[in-house]
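What follows is a set of notes on a single structure, which appears directly below.
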Amino acid sequence: MNNAKKTQVRPSAFKILGRIFSYIWKNFPKRFIVVLIAIIVSGVVAAINTMFIQVLVDHYIDPMVADPTLVDPLMKELSIVIIIIACMYCIGVVAMYIYTRLMAVISQGTLKAIRDDMFWKMQKLPISYFDSHTHGEIMSYYTNDTDTLRQLISMSLPQMINCFVMIVCNLVAMFVLNWALALVVIFLTSFIVLFTRLLVSRSAKYFKETQLCLAEETGFIEEYTNGQKVIKVFNHERKAEQAFDKLNNELCKASTAGNKYTNILMPAANNLGNLAYIFVALIGAVFAIKVPSLDVGIGTIIAFVNFTKAFINPIGQVSQQLTFVILALAGAGRIFNFMSVAPEVDNGYVTLANVEVSEDKKITEVDHWTGKWAWKHYHKDTGKTDYIPLKGDIVFEDVCFGYTKEKEILHHINLYARPGQKVAFVGATGAGKTTITNLINRFYDITSGKIRYDGINIDKIKKDDLRKSLGIVLQDTNLFTGTIMDNIRYGKLDATDEECIAAAKLANADGFIQMLPEGYNTMLLGGGMSLSQGQRQLLAIARAAVANPPVMILDEATSSIDTRTERLVQKGMDALMENRTVFVIAHRLSTVQNSDVIMVLDHGNIIERGTHDQLIAQKGVYYQLYTGAFELE
Amino acid sequence: MDIIKTLAKSIREYKKQSILTMIIVFFEVILETLVPFVMSILLDQGLKKNDLNLCFYLTIVLVVMTVICFIAGVEAGFMASTAACGLTKNLRHDLYYKLQSYSFKNIDKFSSASIVTRITTDCTNVQNAYLMIIRTAIRAPIMLVLALILTFISSWIIGLIYLGIAILLGGALIFIIFKAHPYFHKGVTTYDWLNGVVQENLQGMRVVKSFNREEFENQKFNKISTTIYKLFSTGEKISAFNSPFVQFAIYAIMVVLSYFGSRLIVDPNTTMTTGVLSSLISYAWMVLNTLIMISMIFVTIIIASSSAERIYEMLVEQSDITSKQNPVIEVKNGNVEFRHVNFAYSAKASKLVLNDINFKVKEGEVVGILGGTGSSKTSLVNLIARLYDVTSGEVLVGDVNVKDYDLAALRDKIAVVLQKNTLFSGTIKDNLRWGDENATDEEMIEACKLAQADSFIEQFPDKYDTYIEQGGNNVSGGQKQRLCIARALLKKPKVLILDDSTSAVDTRTDALIREAFREKIPNTTKFIVAQRITSIQDADKIIVLDDGKIDDMGTHEELLARNKIYQEVYYTQNNKGGDNNE
């Protein structure tokens, strides 16, 4: 139904990083600058620390050892130098504390900003997006992908910035100290970089394979655990075990391979670092003894030996993060892609207004709730504003619709529902019943034709106001975590407790709610798992009732309830339907019998229409359905 | 302790690699720690005395040491991966096999989502911890101790200072972890809550949009995401002390070394030299690095411990239904009898789900079971295949108590078509073979004809090789039910139980299925649980259940004449007509 996913191009790694940084920059500009400065300060101090070793050995210790008379004055001087250095150290430590602490706020704040943005964007997406993507797919943006993003932003990114600064500071310090040895260090380091890159690319490959295997195994466990009872009933345990072992062994193979490369990364980088450190010492010694022009003292060598470590360490750290960063960027890419899906468009301008109607039927807009509504229609060309009373009159004029351009689902539908009428749709799965209701509340837009609501083309009505005037009860009742009262109040957020209870009474739900130990304050968890299907349905009806809309859509609202329970629900439904325009879609024909008009849909066409008695007399498709000759699903 | 013992049982064939890893790491660490020591000799004896030959000679020693370390490190890395991934594989294997031994009661206890997490994420956490334990947990303490010893040899004053700093810093790092961890832990839990909100929104998006509740939901989400932000950032702010502490320790050591070090070198009465000073700096790094590693081990183990607990929970769960010793392995006939059966799902429940159920059914009879939602129809039929054990009383199949049978033998002869049924991804044939893995094509077609499934299967382009998607989502509800019945028929059962298995099938097809049963498998005892009177009205016996008790039992005519509940259901369905009229 939706090709947007396929046509979108995966953004490049740099674009994704750029987008993450733009989030940081937008939310924490000052703090981010402070962080950068603090990181640089602490990096410089760390480099000075290493350089200080050279000064210490070459300028103080060596002369003092060579000439004991210098001990006293030099020792005094050294004390002062150490105090100065200690002060710098303090600055370095404070800078480090500042940036790690600020980074905690920045990284968590950025994550929150991205998460909030993502949720808000999701709320704005059209229904078509949710119909064409599985919940699992969308959920994985929030779970797996956000998890990797969390690690990227809160761990990898600060560490990589830090390492980068360390590498640069050390590099500069080395060149300041001795350019020849600096070149030697760079030369030796390049081998290490090449080697670790090789390992990283290998481990990334196996890591991806591991993810695939894990996903496959997870899918298997999910499917088979859901059907665990069937497995037991069919004595199928051994078979399931064999199938599981096969997947499990494959996963083990891939993860062992991937882990091998990751696990040798650290010892390899470490020991190669040690090798470099040895060679630096040796080459330093050679320079010191054979090439005096380079002015290499023992202090320089000790300093360089330490520089080699300080230089290679961050490189090892970065390469260890790299596998992870590659995967995390892919996840971030998916999140940003999801966020860039076009939101639901709404060009409607006709709104719903609270009004008072005077005795001579003059309508005036007021700013408080009156229980009376009117469409406020502003005419651009004349500059006049019309008020049309909300009645619930709906007309389809030659409506055609398809979820995709290629396949039309509804063909030239004409129908009308006068205020207070009950219109029923009957037909097989895929006949287009639910599609019709999807069009009335504009979850989808029609391809051609017109739908009028109280005479106004619904394109012109603002979606929020259009939906405010329509109530809907669906087959799958979705309740939300919260109390029963919260769930009923969902229909009208400012409803008083009394209003909610009145709605529950209307829906015939008050009885069972009173029986619950905590009554209306009973907490519902997991979508109301603790309630029966029928009870959930009654709550959904009460929720719609409290909103008190002039038009109701009941989409298979009673199909999964047994006939005894349905009678209970039916009473609530009947009360709800009174004085409203109602569209009913039902599986059980018993639900639709007393409708004012019944439409039989087949492959997107209305093939029969009339009252129950008329249709029975016709002995057509409805008659066959009614007598059970056809399968209805 | 029990947890570790139970989990350790899964190491099995990877014991060798685990122990070898530790041994290799042990020697590797010793060699690595000695490198700065040799280096100090190179600087003092070679460089200071302009002895280039000694320099070269010592360099070769150092290179050999490092190369050995390199090889050992790589080898240990390989083996550790094999051992850790192997352990995980075995753990997953053990968990899954354990799951297969579970009874329905055990299955009800764990949600399928929690089982998935235990077998996947929790096992991965344990894998990471194990990897840490066999490598880093050996490496870090040894390196710490050795580095301290070597420092003490060079200078006991500096050694003492290192020891003091190590204790202080180590204490501080671990203190920080224990301070910060509760925040992270709570953050992760809140995270699940947040995902719950997203899930609820995804499922109820139509409701959200119909009621214009986008903004309302957004506020709900923001509130939780703010909580998460606060928890995590508080935790991280506490952890933010970590690296400055370490850095501070390094700088403190540098200050101490440069002052005392110089004094000691200058003092002719000590053996301190410049080379030794350089090795002391290396040891300082080693001490601090190992402290960081140790704190990381703590974090990993804390994370893994709750995972380990969850895995343990599943591993020690004992199935409450097992075959007894020397079981009966043949079900002689299809007679079924209930004798004073009481049943409750939990021993603690105050109310019985089934209360004093008595009835007797002869082979080949058809029994209808009727009752409203919550009248325990499903519970009753589940006892026949011993999917649950009775609380008291006896259930007999083939005149033998079901507890005396071998479980597999019993369930082989009783086919249950469950109310919430599942088809698995695979072809139709794959699914049918669940009933009998050696079934021939003819047998499969025969079973499908009985279940009235053959006609629609033949209309699929790939016929019996049509691929069924996960959960059977590409066939309609009625088709799915008929496939499930066919699958059950292939078992050639002595007792067939249909638990509301034709609710989505139209009445005509439903009647055809029952007619086929009557003609083709007359000797199979049939239990039919149904909402529709038409599905059971021609049964030999109809049991009317109400609130866990048998309200009445008899034929359609008898019940229609005397039973109130039956009459009520009958008249509701017939007056309101619709899908239950023939």
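Ranking A:Lys309, A:Lys205 by Cβ neighbours within 10 Å, fewest first, what do you get? Intermediate values should be presented prior to the final figure.
On the way: A:Lys309 20, A:Lys205 15.
If I rank by nearby Cβ atoms, fewest first, I get A:Lys205, A:Lys309.
Could you name the lysines in cross-link range of A:Lys76, using Cα to Cα under 28 Å and dropping any fewer than eight places away on the same chain?
Within reach: B:Lys48.
Among the aspartates and glutamates, select those whose C-alpha is under 15 Å from the C-alpha of A:Lys505, and discard any that sit fewer than 8 residues away in the same chain.
Within the straight-line cut-off, A:Lys505 pairs with A:Asp497, A:Asp574, A:Glu578.
Past the 27 angstrom mark, what percentage of all C-alpha to C-alpha distances in segment B:1-123 do you count? Numbers along the way, then the final one.
Working: 3583 of 7503 pairs.
When every Cα pair of segment B:1-123 is considered, 48 percent fall beyond 27 Å.
Which pairs in the list A:Lys619/B:Lys420; A:Lys246/B:Lys5; A:Lys232/B:Lys324; A:Lys229/B:Lys16; B:Lys109/B:Lys541; A:Lys232/B:Lys480 are over 29 Å apart, alpha-carbon to alpha-carbon? Could the numbers behind the result be given before it?
Values: A:Lys619/B:Lys420 36 Å; A:Lys246/B:Lys5 27 Å; A:Lys232/B:Lys324 17 Å; A:Lys229/B:Lys16 39 Å; B:Lys109/B:Lys541 35 Å; A:Lys232/B:Lys480 19 Å.
As for pairs spanning more than 29 Å Cα to Cα, those are A:Lys619/B:Lys420; A:Lys229/B:Lys16; B:Lys109/B:Lys541.
What is the sum of charges, Lys and Arg at +1 and Asp and Glu at -1, for the other residues whose Cβ falls under 11 Å from the Cβ of A:Met266?
Charge balance near A:Met266 sits at +2.
Output the relative contact order of chain A, whole-number percent, from Cα pairs under 8 angstrom with separation of 6+ residues.
13 percent
Out of every Cα-Cα pair in the protein assembly as shown, what percent are more than 60 Å apart? Numbers along the way, then the final one.
Numbers: 223266 of 737505 pairs.
The answer is 30 percent, as a whole percent.
Let me know the mean shielding of A:107-120 by other chains, meaning the per-residue number of their Cβ atoms within 10 Å of its Cβ. Don't skip to the answer; put the middle values down first.
On the way: counts 3, 11, 3, 1, 5, 8, 2, 1, 8, 6, 0, 3, 12, 6.
Counting Cβ atoms of other protein chains within 10 Å of each residue's Cβ and averaging gives 5.
Computed over the Cα atoms of segment A:98-159, what is the convex hull's projected area averaged over all directions, in nm²?
Numbers: hull surface 17.2 nm².
Quarter of the Cα hull surface area: 4.3 nm².
Let me have the 222 nm mean residue ellipticity of the protein assembly as shown computed from DSSP H runs of 4+ only, each contributing -39500 (n - 2.57), with the sum over all residues rounded to the nearest 500. Walk me through the numbers on the way to the answer.
Details: 46 runs with 729 residues, N = 1215.
Per the formula, -20000 deg cm²/dmol.
Among B:Gly235, B:Ile281, B:Gly261, pick out the residue whose Cα is farthest towards the positive end of the charge dipole of segment B:176-329, where Lys and Arg carry +1 and Asp and Glu carry -1 on C-beta, about the Cα centre.
Of B:Gly235, B:Ile281, B:Gly261, it is B:Gly235.
Give the relative contact order (percent, whole number) for chain B; include only Cα pairs under 8 Å separated by 6+ residues.
Details: 826 pairs, mean separation 81.4, N = 582.
Dividing the mean separation by the residue count of chain B yields 14 percent.
Could you give the nm distance between label points at A:Ile186 and B:Ile521, where each point is 7 Å from its Cα heading toward the beta carbon?
8.1 nm
Within a 10 angstrom radius of each residue's Cβ in B:188-197, how many Cβ atoms of other chains show up on average? Whole number is fine. Intermediate results must be reported in sequence, preceding the final value.
Values: counts 0, 0, 0, 5, 1, 1, 5, 4, 4, 4.
Partner Cβ neighbours, averaged per residue: 2.
Could you give the dipole magnitude of the protein assembly as shown about its Cα centre, charging the beta-carbon of Lys and Arg +1 and that of Asp and Glu -1, in debye to the nearest 20?
1980 debye
Run the quick spin-label model on B:Leu34 and B:Asp547: label points 7 Å from Cα toward the beta carbon, then report their separation in nm to one decimal.
Reported label-point gap for B:Leu34 and B:Asp547 is 8.5 nm.
Please tell me which of these pairs span more than 24 angstrom C-alpha to C-alpha: B:Lys403/B:Lys494; A:Lys239/B:Lys98; B:Lys413/B:Lys564?
Values: B:Lys403/B:Lys494 17 Å; A:Lys239/B:Lys98 14 Å; B:Lys413/B:Lys564 36 Å.
Result: B:Lys413/B:Lys564 exceed 24 Å.
Can you work out D for segment B:156-271 in µm² s⁻¹ from Stokes-Einstein, where Rh is the Kirkwood radius over C-alpha pairs, the temperature is 37 °C and the viscosity is 0.692 mPa s?
Values: Rh = 18.5 Å.
Once the numbers are plugged in, D ends up at 178 µm²/s.
Output the DSSP H helices from chain B with an along-axis C-alpha extent of no less than 15 Å and a mean Kyte-Doolittle hydropathy no less than 1.6. Working shown, then result.
On the way: long enough: B:15-41 (40 Å, 1.48); B:52-101 (72 Å, 1.02); B:137-154 (26 Å, 2.22); B:156-203 (68 Å, 0.89); B:214-239 (37 Å, -0.79); B:242-256 (21 Å, 1.47); B:274-316 (60 Å, 1.42); B:477-489 (18 Å, -0.19); B:507-520 (19 Å, -1.04); B:564-576 (18 Å, -1.63).
Flagged H segments are B:137-154.
Note down the net charge around B:Lys463, summing +1 for each Lys or Arg and -1 for each Asp or Glu among other residues with Cβ under 12 Å from its Cβ. Intermediate values should be presented prior to the final figure.
Details: positive: B:Lys429; negative: B:Asp441, B:Asp454, B:Glu458, B:Asp462, B:Asp465.
Result for the neighbourhood of B:Lys463: -4.
Classify segment B:300-361: rounded, prolate or oblate, from the alpha-carbon gyration tensor (a ≥ b ≥ c, eigenvalue square roots; a/c under 1.5 rounded; otherwise prolate if a/b is larger than b/c)? Walk me through the numbers before you get to the answer.
Values: a/c = 5.11, a/b = 1.93, b/c = 2.65.
It comes out oblate by the Cα gyration axes.
List B:Lys332, A:Lys391, A:Lys433 from most exposed to least, where exposure is judged by having the fewest other Cβ atoms within 10 Å. Write down the numbers at each step before the final one.
Values: B:Lys332 13, A:Lys391 18, A:Lys433 24.
Going from least to most buried by this count: B:Lys332, A:Lys391, A:Lys433.
Could you give the alpha-carbon Rg of chain B over 2.2 N^0.38 Å, rounded to two decimals? Kindly include the intermediate steps, with their values, before the conclusion.
Numbers: Rg = 36.0 Å, N = 582, 2.2 N^0.38 = 24.7 Å.
Rounded to two decimals, the normalised Rg is 1.46.
Kindly write out, for segment A:228-234 in residue order, the coupling ³J(HN,Hα) from the Karplus curve 6.51 cos²θ - 1.76 cosθ + 1.60 (θ = phi - 60°), rounded to whole Hz, with x marking Gly and Pro.
3J(HN,Hα) across segment A:228-234, in whole Hz: 4, 5, 5, 4, 4, 5, 9.
Mind checking the angle between helix A:13-27 and chain A's longest principal axis? C-alpha axes, 0 to 90 degrees, to the nearest 10.
Value to nearest ten degrees: 80.
Using only alpha carbon pairs under 8 Å that are at least six residues apart, calculate the relative contact order of segment A:4-339 and give it in whole percent. Walk me through the numbers on the way to the answer.
On the way: 282 pairs, mean separation 107.8, N = 336.
Relative contact order comes out at 32 percent.
Give me the Kirkwood hydrodynamic radius of segment B:336-576, using the inverse of the mean 1/r over all pairs of distinct Cα atoms, in Å to one decimal. Spell out each step's value before the answer.
On the way: mean 1/r = 0.0540 Å⁻¹.
Kirkwood radius, segment B:336-576: 18.5 Å.
Starting from the Kirkwood radius over alpha-carbon pairs of segment A:4-339, derive D by Stokes-Einstein at 25 °C in a medium of 0.890 mPa s and give it in µm² s⁻¹. Write down the numbers at each step before the final one.
On the way: Rh = 24.1 Å.
The Stokes-Einstein estimate is 102 µm²/s.
What is the order of B:Cys123, A:Cys400, fewest Cβ neighbours within 10 Å to most? It would help to have the intermediate numbers written out before the result.
Details: B:Cys123 22, A:Cys400 15.
Ascending number of Cβ neighbours within 10 Å: A:Cys400, B:Cys123.
Tell me the net charge near B:Phe232. Cut-off is 11 Å between Cβ atoms, B:Phe232 excluded, with +1 for each Lys or Arg and -1 for each Asp or Glu.
Values: positive: A:Lys112, A:Arg150, B:Lys186, B:Lys230, B:Lys237; negative: B:Glu236.
Counting the neighbours of B:Phe232, the net charge comes to +4.
Under 16 Å Cα-Cα from A:Lys376, which lysines qualify once same-chain neighbours fewer than 8 residues away are excluded?
In chain and number order, the partners are A:Lys361, A:Lys362, A:Lys384, A:Lys391, A:Lys460, A:Lys462, A:Lys463, A:Lys468.
Considering only C-alpha atoms, what is the centroid distance from segment A:321-375 to segment B:181-216, in Å?
Between the Cα centre of segment A:321-375 and that of segment B:181-216, the gap is 19 Å.
How many Cβ atoms of partner chains, on average, are near each residue of B:239-245 if near means within 10 Å of its Cβ? Show your work: numbers first, answer last.
Values: counts 3, 10, 3, 3, 7, 11, 3.
So the per-residue partner count for this stretch is 6.
Against the longest principal axis of chain A, how steep is helix A:563-577, in degrees 0 to 90 to the nearest 10, with axes from Cα atoms?
Around 80 degrees separate the two axes.
Just how many pairs of Lys in segment B:112-263 have C-alpha atoms closer than 20 Å, counting pairs that are eight or more places apart or on different chains? Before the final figure, lay out each step's value.
Values: B:Lys179/B:Lys230; B:Lys179/B:Lys237; B:Lys186/B:Lys220; B:Lys186/B:Lys223; B:Lys186/B:Lys230; B:Lys186/B:Lys237; B:Lys209/B:Lys220; B:Lys220/B:Lys230.
The result is 8.
Find the centroid of the Cα atoms in segment B:417-496 and in segment B:1-57, then give the distance between the two in whole Å.
62 Å
Expressed as cubic angstrom per residue, what is the convex hull volume of the alpha carbon set of chain A?
On the way: hull volume 164.4 nm³, N = 633.
Here the figure is 260 Å³ per residue.
Each reported figure results from applying straightforward, stated rules to the coordinates on display, with no laboratory input. The shown structure was predicted, so the numbers you read here are calculated from the model rather than taken from an experiment. Methodologically, a virtual Cβ is constructed for each residue, glycine included, from the backbone with ideal geometry; neighbour enumeration extends over all protein chains shown.
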